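For reference, the structure is listed below as structure tokens.
The values are calculated or read from the model by the stated rules, or taken from the named source; none is laboratory data. In this text the structure is predicted, and so the values were computed from the model without any measurement. We place every Cβ from the backbone using ideal geometry, glycine too, and count neighbours over all the protein chains shown.
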Amino acid sequence: MSHAQLPLTALRALEAAARLLSFKAAAQELHVTPTAISHQIQQLERSLGVELFVRVHRGLALTPAAQACLPHIRDGFAALRAAVIAIQEYKDVGTLSVSAPPSFAMRLLMPLSQEFLAQYPEIDLRITTRMRVPVQEAARPQDETDTFRAWAEESDIVIVLGKDGFGDLDAEQLMPLSVQLVCSPGLLAGGQGLRHADDVHRYPWLHDDRGLKYGGTPFWDQWLASQGASTIEQRHGAHFNHAALAIEAAVKGMGLLVTTPCLCWKELRNGELILPLAHTVPIENSYFVLNRRTRRPTAELFKQWLRTRLRGLDSDEKEAAAPQPDEFLSGNS
């Protein structure tokens, strides 16, 4: 029997009647009359050449033939439902949902999304924030994978910070990350200045705790080790769970901060922050995009746009990494 000859209406009647063991109940579920269900079953029996139901006291019973085919019929209709849902996912209704870590959303998505919306005004962009469980607090890797999978089903695009633990999810690296030393120019004015990595011990430190929470090694430790600087224990100073808060503290001149410069691109561009030592340290963690099983064209459009825009920011960071004026290096004001 070819696909064109499949009696789908009759098979629906068979599935409902077999599940409910009642033509009347099947008719109510399918919004037809019991007589229509009975006719559909009779036609199917004649077409297949087998009996599917036998009448018993107060009801119906399935024949061995019906029992054998019923699981396949149910699987078939489940597959058809899944296919329809998959097709509907491609329907661009003008709404795009994006989930991201709070600091990424605040310092990258929000300012950059204005450009995207200006270019694509027909798209309704909805941004939500979510934080993954810190490495030390995760009960089981599978628990976090299940959480990521649920996020990916709820949002068109899910952005997370990490290096692994995504299980069987389709994860794409959005951008590699590095850390650099940043500070307010006012912090160095009138002081002894910064010429070498060991000079950082002259100033208070600010701590972006994402390195410890999601990689196990503080950003300060990674930066000092790459410089061959003395790793004097200096855990005092303000600690921040969110990079956005740490960056705000650095702008106010509260101390030196080792962080990912992509999140403070605006401050580096307008001079509120500087890179006093042009040394970049790649880190293992990156921002990843977790894709839904069905990718909407609008989501792919936004993802490609965001990648291109982030590459532009990377160029801005490299320009900002040029040697700073001598007054900041020497401390003379």
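Please verify whether the stretch 220-234 includes one or more residues that are modelled with pLDDT under 80, surrounded by fewer than 19 Cβ atoms within 10 Å (Cβ to Cβ) and touching a strand residue (DSSP E or B) at 6+ places or on another chain (Cβ under 9 Å).
Looking through the stretch 220-234, at least one residue is modelled with pLDDT under 80, surrounded by fewer than 19 Cβ atoms within 10 Å (Cβ to Cβ) and touching a strand residue (DSSP E or B) at 6+ places or on another chain (Cβ under 9 Å).
Would you mind listing the helices (runs of 4 or more DSSP H) fully within the stretch 110-206 where at least 2 residues are modelled with pLDDT under 85 and surrounded by fewer than 18 Cβ atoms within 10 Å (Cβ to Cβ)?
Qualifying helices (runs of 4 or more DSSP H): 141-154.
Anything in the stretch 269-297 that is over 21 Å from the mean Cα position of the chain (by Cα) and part of a strand (DSSP E or B)? List them, or say none.
Passing the criteria: I274, V281, P282.
Among the candidates K266, K213, which residue alone is in a helix (DSSP H, G or I), among the basic types (K, R) and more than 21 Å from V133 (Cα to Cα)?
Result: K266 is the single residue among K266, K213 that is in a helix (DSSP H, G or I), among the basic types (K, R) and more than 21 Å from V133 (Cα to Cα).
Out of all the residues in the stretch 249-267, which are buried (at least 18 other Cβ atoms within 10 Å of the Cβ) and either of a type in the set (K, R) or closer than 18 Å to L109 by Cβ (or both)?
Once the filter is applied, which keeps residues that are buried (at least 18 other Cβ atoms within 10 Å of the Cβ) and either of a type in the set (K, R) or closer than 18 Å to L109 by Cβ (or both), the stretch 249-267 yields T259, T260, P261, C262, L263, C264, W265, E267.
Could you check the stretch 1-50 and list, in sequence order, the residues that are part of a loop (DSSP other than H, G, I, E, B) and surrounded by 13 or more Cβ atoms within 10 Å (Cβ to Cβ)?
Listed by number, the residues that qualify are P7, L21, S22, V32, T33, V50.
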